[in-house]
Amino acid sequence: MGAQLAGDGRSNSWLGLLDGRPMSYWDVYRADLDPLARHYPAEPHDTGIHLPLGPPEARGHGLGSILLTALADHLLKYAPRLVGERGGCRDGTGLVPRLAAATVQPAA
């Protein structure tokens with residue numbers, strides 16, 4: 001987290017607000033430079049997105065899918081591919097082995 005806050009160029013992070021209250025944390029990062037790259041066939045400039053949502057009262061309204069779609073549409077204008085983790089989380093020892101990666105590429 002320290003490298004992210006220092007602006008190491010590998011990620012950008014934002015706090016999402018709903019009615020002025022925190023409801024999400026956004027992390028857009030260079031997936032090809034992340035430990036995730038050891039778990040899939042990484043390509044240069046792959047871009048990843050982390051989007052934890054909460055608190056509970058901010059969830060269940062369809063906002064996550066709307067926000068994620070808008071961000072993905074924007075990023076695909078500039079990134080060759082987006083990479084997402086399914087079932088992965090950080091547990092203090094690195095990425096959980098059940099991680100799987102999926103990629104999305106811009107429409108031709």
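Just a few scattered comments:
- In sequence order, segment 21-36 has phi-based couplings of 10, x, 9, 7, 10, 10, 9, 10, 9, 6, 5, 5, 9, 9, x, 3 Hz under the Karplus curve 6.51 cos²θ - 1.76 cosθ + 1.60, θ = phi - 60°, and Gly or Pro positions carry x.
- In this calculation the C-beta distance from residue 67 to residue 43 is compared with R0 = 35 Å, giving a FRET efficiency of 0.85.
- If the convex hull is drawn through the Cα atoms of segment 8-85, its volume per residue in Å³: 106
- From phi via Karplus (6.51, -1.76, 1.60), per-residue ³J(HN,Hα) for segment 73-83 in Hz, x at Gly/Pro: 4, 5, 5, 5, 6, 10, 9, x, 8, 10, 10
Rule-based calculations on the coordinates, nothing more; no lab input. All values derive from a computational prediction rather than experimental measurement. Ideal geometry is used to build each Cβ from the backbone, glycine not excepted, and the neighbour counts take in all protein chains shown.
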